[in-house]
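Structure, as structure tokens:
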Amino acid sequence: MERDGYTGHRAFWFRFAMTLAVFLTVLVAHGDEVNVAVAANFAAPMKRIVADFERDTGHKVQLSSGATGKFYAQIRNGAPFDVLLAADEETPAHLAQEGAAITGSRFTYAIGRLVLWSPRSDFVDVDGKVLQRGNFDHIAIANPRLAPYGMAAVEVLRSLGYYDALVPRIVEGENIAQAYQFVASGNAPLGFVALSQVMKDGRIREGSAWIVPETLHRPIRQDAILLGHGINNVAARTLLAYLRDNKARSVMQSFGYAW
Amino acid sequence: MSLRARLDLARPGFRLAVELEAPQRGVCALHGPSGAGKSTVLRCLAGLEPAARGRIDLGDRCWQDSARHHFLPAHRREIGYVFQDANLFPHLPVRGNLEYGMARVPIPHRRVFWDQVVELFGVGPLLARMPAGLSGGERQRVAMARAVLSSPRLLLMDEPLAALDTRSKAEILPYLERLGKELTIPMVYVSHALDEVLRLADHLILMEGGRTLDAGVPGTLLARHDPGAGDEDAGMVLEARIGAHDDTYHLSRLDFSGGTLWVARRESVMGQLVRVRILARDVSLVLTPHTDSSILNRLQAVVVEASPAHHPAQLRVRLDVDGTPLLASITRRSWDHLDLAPGRRVWAQVKSVAVL
Amino acid sequence: MMSLGTEDGVAILLTLKLAGLVTVLLLIVGTPLAWWLAHTRSAWKGPVGAVVALPLVLPPTVLGFYMLLAMGPAGPVGRMTQALGFGLLPFTFTGLVIASLLYSLPFVVQPLQAAFASLGNAPLEAAATLRAGPVDRFFTVVLPLTRPGFLTATVLGFTHTVGEFGVVLMMGGNIPGQTRVISVQIYDHVEAMEYARAHGLAAAMVIFSFLVLALLYRRQRPALL
């Protein structure tokens, strides 16, 4: 009897291990999972790209969108991200220097375009002369210390010579999303936002806009990098390659990004 | 300056509907069992129950008349209120408590004086103390002094002794008696304790279930209503005067219309009026005056009627002692054995007399 | 350009000014409101109490977002302030004061409400029978007996306004001397990866809050928390 009981247990554990193995095989065959931290301004196009990517490769992507500076602090403190799609060049460079990211994997996945935008249809002219007229109380920009789009906006105002006159009317959003909110809610009649925020299917969605010439500010390069946590993650490397694919780039284009 | 009130107040599970009138002088007691609505009446009189409807007049002053939407708030009724639990301000010392009401009465309107009241209630030594450090009796004395110092037109006392132990009660009662005698402030006194009521009241209003049962002079009223019938304390109250003192046996003689009663020596002056209470269970009946008994007090009485008591073995016999009513509790068997009947002359042996 | 230390100093002064003003206004507005909530039997007690408590459960950014919309040119509050000639409130110190009033309201009202409720009616009735009118009663009985509640309300209202962040972020516009308070300044330093400067301000804020709360807890058990 005792012996039978023993074999009974052994049979159970054997079956259990087999089931587990089959289950895990199915899971692995289905693809790797990749955790991606993406800058807030690129969240919308990235969702579309990820949908294509998952369908094409069978890998699974977990997206977290937020401020690049916050991601930096989190990654430095061991956050389990495999890939960072930053809003700037500096943050990925820092992380590589500090050994938290893989140096050779860094590349510019997109170049952002700055736009002076107002939800009112006839407020911003196509040459940006509205800045000279100055018939507004507030002009919203992203915080230039924190956001590349904010820095670019300040550069534009400086190169046009309006900065000093407009400083008292500048209201800063902590990031480009908030700068957009200030303008969209009408609290600031106009502001410098990302083209990706007001563009849909290659056109300005509503209101009036001046797409700022790239000669007026340094290019807003957004770099991607493979993080230390993702060094052995096949899906992570596949995703980084996929971002240079034409399919992904056509999505970016429809949102107003260049590369 | 008499007090007249008609009050109506509905609460979940309770309804107060009373009409009452209290004479302009002395102490009017509101008496009845717990839940009779006595304290609620007092709160209505004070203006602490804005939901109460009806009409209240003190003399020619109308405090409330719901028909005319007139309601004088408590702070303008010029009353003094003594709460059951003293309700002193915990953040003020005794002196601050005493001054609180007084300071709010303009000097020309003050009718009582600090020294007089402090002396009357013996609160002089307490002035610097905080309420939290006072005994229950001390607290209640301060509360009374505080109420009196606001020169009220009417003093309202809500069971001021109920929360106190026997010793504190004994400590306070003399102050209350002096209050009635020395200051001419009319008072409405709520209590469910009969001994307090009998000792203090000049006028008595009986309440039960949110209504007034009867009103009048305490002695006659209680005789009529046999308060506590069926209770252990069924009994009668009578008034008597100190007639003599016997120093050898340490006794005092009390004289009343129906005879005399000997009680333990009283420190009272001759001729002083006292109230005594005789419980039915302390009265036994005999047909002839026994001199070979340890019982000191015997009164000649006439049987008026007998009524069933709580226990079927017992009868309550109502007696007439030359105009003063008295109750005796005896067994049915003794009633038959002694062949008692209304009109029969008997001797009532009184085992003990409580002087109130 | 201002030196970096001065910028922090401006933010600290602005924060103290904001918190001080908001605390005083909250005590003035919150006391009658707390009194009403503690004593009313009105059917409005539930809804009003819930509105007061909303900032406790709502993420500050949600609150800030709705305030931004409400105070904007198309929002009901914005229309009113414009019609009255005050202009728009976002990006102004006044707007920040109003936002902070709403945001810190429960931290002042709730301790006061608890203090008023536990005070009960007895001392007030005693005072009324001793000739004290309603205002008199409030200052001579309620105030001294609920002092711990007022202390808790003042400290929590002040420290909570000092620590407020999400709402300011949403509708401040980060204007030095107007809307750039300490918490936003710290956030900027952190986001800009200037951790040393962030540490300085953050440590000062932690120590300040700790000292105030330690003092409060040593004196008494607060009515809330």
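The values are calculated or read from the model by the stated rules, or taken from the named source; none is laboratory data. Just so it is clear, the model here is predicted, and its values are computed rather than measured. Glycine gets a Cβ as well: all are built from the backbone with ideal geometry, and neighbour counts include every protein chain shown. We work out accessible area using only protein heavy atoms, side chains counted, and drop any ligands, DNA or RNA first. Shrake-Rupley method; radii C 1.70, N 1.55, O 1.52, S 1.80 Å.
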task: Note down all Cβ pairs under 6 Å where the first residue falls in region B:119-140 and is within 14 Å of B:LEU88 (Cα to Cα) and among the polar types (S, T, N, Q), the second is assigned to a helix (DSSP H, G or I) and open to solvent by less than 10 Å² (accessible area, probe 1.4 Å), and they're at least six residues apart or on different chains.
output: B:GLN140/B:ILE172
task: Output the residues belonging to region B:77-86 that are modelled with pLDDT of 95 or more and open to solvent by 20 Å² or more (accessible area, probe 1.4 Å).
output: none
task: For region B:334-352, name all the residues that are exposed (fewer than 11 other Cβ atoms within 10 Å of the Cβ) and in a loop (DSSP other than H, G, I, E, B).
output: B:ASP339, B:ALA341, B:GLY343
query: In region A:233-253, which residue that is within 19 Å of the chain's Cα centre (by Cα) and of a type in the set (S, T, N, Q) is least open to solvent (accessible area, probe 1.4 Å)?
result: A:THR238
- prompt: Any idea which residue in region C:171-202 is farthest from the other protein chains (Cβ to nearest Cβ), counting only those that are of a type in the set (A, V, I, L, M) and more than 22 Å from C:GLY20 (Cβ to Cβ)?
  reply: C:ALA196
- prompt: Could you list, in sequence order, the residues of region B:77-89 that are in a loop (DSSP other than H, G, I, E, B), touching a helix residue (DSSP H, G or I) at 6+ places or on another chain (Cβ under 6 Å) and at the interface with chain C (Cβ under 7 Å from one of its Cβ atoms)?
  reply: B:ASN87, B:PHE89
query: What number goes with the only condition from (1) part of a helix (DSSP H, G or I); (2) more than 25 Å from B:LEU221 (Cα to Cα) that B:SER39 does not pass?
result: (2)
Among (1) more than 26 Å from B:ALA240 (Cβ to Cβ); (2) in contact with a strand residue (DSSP E or B) (Cβ under 7 Å, 6 or more places away or on another chain); (3) surrounded by fewer than 17 Cβ atoms within 10 Å (Cβ to Cβ) - the single one B:GLU305 does not satisfy: (1)
Meets criteria (more than 14 Å from chain B (Cβ to nearest Cβ) and out of contact with any His (no Cβ under 7 Å at 6 or more places or on another chain)) for C:PRO123: no
task: Considering only region B:24-72, state which residues are at pLDDT below 90 and among the basic types (Lys, Arg).
output: B:ARG25
message: Looking for something part of a helix (DSSP H, G or I), exposed (fewer than 14 other Cβ atoms within 10 Å of the Cβ) and not small (Gly, Ala, Ser) - is there at least one such residue anywhere in region C:25-34?
response: yes
query: Counting just the residues of region C:149-169 that are aliphatic (A, V, I, L, M) and farther than 16 Å from A:LEU146 by Cα, which one comes out surrounded by the fewest Cβ atoms within 10 Å (Cβ to Cβ)?
result: C:LEU151
- request: Can you confirm whether region B:185-208 contains a residue that is in contact (Cβ under 8 Å) with a residue 24 or more places away in the chain and farther than 24 Å from B:THR40 by Cα?
  value: no
field: Boolean, A:ASN175 is open to solvent by 20 Å² or more (accessible area, probe 1.4 Å) and within 14 Å of chain C (Cβ to nearest Cβ)
entry: yes
- line: The number of residues in region B:201-241 that are among the hydrophobic types (A, V, I, L, M, F, W, C), modelled with pLDDT of 85 or more and open to solvent by less than 20 Å² (accessible area, probe 1.4 Å) is 5
Of all residues in region A:137-170 being within 12 Å of another protein chain (Cβ to nearest Cβ) and over 23 Å from the mean Cα position of the chain (by Cα), the one that is least open to solvent (accessible area, probe 1.4 Å): A:ILE139
message: Against the definition (within 16 Å of the chain's Cα centre (by Cα), polar (S, T, N, Q) and not in a loop (DSSP other than H, G, I, E, B)), how does B:SER34 come out, yes or no?
response: no
- request: Working carefully through the options B:ARG275, B:ARG298, find the one that is outside any loop (DSSP other than H, G, I, E, B) and touching a Leu at 6+ places or on another chain (Cβ under 9 Å).
  value: B:ARG275
message: Just to be sure before I move on: is B:ALA143 assigned to a helix (DSSP H, G or I) and at the interface with chain C (Cβ under 9 Å from one of its Cβ atoms) in the structure I sent?
response: yes
message: Please go through (1) within 14 Å of chain C (Cβ to nearest Cβ); (2) over 25 Å from the mean Cα position of the chain (by Cα) for B:CYS62 and return the number of the only condition it doesn't satisfy.
response: (1)
query: Is there a residue in region C:140-152 that is among the polar types (S, T, N, Q), within 11 Å of chain A (Cβ to nearest Cβ) and within 22 Å of the chain's Cα centre (by Cα)?
result: no
- prompt: Pick from B:VAL105, B:VAL118, B:VAL112: which is part of a loop (DSSP other than H, G, I, E, B) and either at the interface with chain C (Cβ under 10 Å from one of its Cβ atoms) or under 24 Å from B:ASP165 (Cα atoms) (or both)?
  reply: B:VAL105
- prompt: Any idea which of A:ALA73, A:ALA21 is modelled with pLDDT of 70 or more and open to solvent by less than 80 Å² (accessible area, probe 1.4 Å)?
  reply: A:ALA73
message: Looking only at residues that are assigned to a strand (DSSP E or B) and surrounded by 13 or more Cβ atoms within 10 Å (Cβ to Cβ) in region B:65-76, which one is nearest to the other protein chains (Cβ to nearest Cβ)?
response: B:PHE71
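For every residue, the table says whether it meets (1) crowded, with 17+ Cβ neighbours inside 10 Å; (2) within 20 Å of A:ALA179 (Cβ to Cβ).
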{"site": "A:LEU95", "(1), (2)": "yes, no"}
{"site": "A:GLY99", "(1), (2)": "no, no"}
{"site": "A:SER105", "(1), (2)": "yes, no"}
{"site": "A:PHE123", "(1), (2)": "yes, yes"}
{"site": "A:LYS129", "(1), (2)": "no, no"}
{"site": "A:GLN132", "(1), (2)": "no, no"}
- line: The condition of being at positive phi and crowded, with 18+ Cβ neighbours inside 10 Å holds, among A:GLY202, A:GLY207, A:GLY230, A:GLY256, only for A:GLY256
The one condition in (1) more than 23 Å from A:GLY173 (Cβ to Cβ); (2) aliphatic (A, V, I, L, M); (3) at pLDDT below 95 that C:VAL29 fails to fulfil: (3)
field: Answer residue from region B:87-113, given it is under 15 Å from B:LEU127 (Cβ atoms) and not aliphatic (A, V, I, L, M) and is most open to solvent (accessible area, probe 1.4 Å) among those
entry: B:ARG95
field: One residue from C:THR129, C:THR146 being among the polar types (S, T, N, Q), out of contact with any Gly (no Cβ under 6 Å at 6 or more places or on another chain), more than 23 Å from B:VAL148 (Cα to Cα) and crowded, with 19+ Cβ neighbours inside 10 Å
entry: C:THR146
